[in-house]
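Below: one structure, written as structure tokens.
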Amino acid sequence: MTEASQTTLICGDAIPTLEHLERGEVPAHSASVDQAKTSFAEAVEIADVLVLGRDNMLTNPVRKNYGPG
């Protein structure tokens, strides 16, 4: 469950799986690899909680120590 002050982002193919997130990789079949990398970076930067395209919802490991507190 997320708190009202957290940003949740549904990533779709921008970050399809936990493995992509951990490796910092975009899907090889992306129509535009440059745009995919930009979307990936933006998602990791702005979201506290990520709903991955083909995986579960998880706390953004980059931002997990941020937020109200």
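The values are calculated or read from the model by the stated rules, or taken from the named source; none is laboratory data. Computed from a prediction, not measured in an experiment: that's the story for all the values here. In case anyone asks, the SASA skips ligands and DNA or RNA and just uses the protein heavy atoms, side chains included. Shrake-Rupley method; radii C 1.70, N 1.55, O 1.52, S 1.80 Å.
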Amide H neighbours of residue 10 under 5 Å, at least 5 residues apart or on other chains, H built in the peptide plane: list them. 51
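Let me check something: with ligands and nucleic acids excluded, how do 34, 13, 55, 48 order by accessible area (1.4 Å probe), largest to smallest?
Sorted by accessible area, descending: 34, 13, 55, 48.
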Sorted from largest to smallest, which semi-axis lengths in Å does the alpha carbon gyration tensor of the chain give for its equivalent ellipsoid, taking the root of 5 times each eigenvalue? 22, 11, 10
Sort 23, 54, 63 by accessible area with a 1.4 Å probe, largest first. 23, 54, 63
Segment residue 54-residue 5, length gained on full extension (0.36 nm per residue, minus Cα span): 15.1 nm
